[in-house]
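**Student:** The structure follows.
The values are calculated or read from the model by the stated rules, or taken from the named source; none is laboratory data. Please read all numbers here as calculations on a predicted model, not as lab measurements. In this analysis, Cβ positions are derived from the backbone assuming ideal geometry, glycine residues included, and neighbour counts consider all displayed protein chains. Side chains included, ligands, DNA and RNA excluded: accessible areas come from the protein's heavy atoms. Shrake-Rupley method; radii C 1.70, N 1.55, O 1.52, S 1.80 Å.
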Amino acid sequence: RTLAHLSGISVPTIQRMEASPDNVRSVVSSLMKVLEALDKAGLEIIGEGATSSGGGRGVRFKESSK
């Protein structure tokens, strides 16, 4: 619900994205809104092959630029 609110897209759309088994299926504008909301919340997407102590794709807090 929070992500839907922050991104301006519906809860069912977020639920469909979350239910995607591999690649997220959605229209590009909805995906971009989710990515922008995560970015504004201080999160970054860990892509396939990116450095991650957990060893896989996911989301993490951005490093502080202090």
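**Student:** Return the pairs, sorted by first residue and then second, in which the second residue is not β-branched (Val, Ile, Thr), the first residue lies in the range 33-48 and is loosely packed, with under 13 Cβ neighbours inside 10 Å, the beta carbons are less than 6 Å apart, and the residues are 6+ apart or on different chains.
**Tutor:** What qualifies is GLY42/PHE61; GLY42/LYS62; GLU48/ARG57.
**Student:** When the residues of the range 21-30 are narrowed to those that are within 13 Å of the chain's Cα centre (by Cα) and at pLDDT below 90, which ends up least open to solvent (accessible area, probe 1.4 Å)?
**Tutor:** Among those that are within 13 Å of the chain's Cα centre (by Cα) and at pLDDT below 90, it is SER26.
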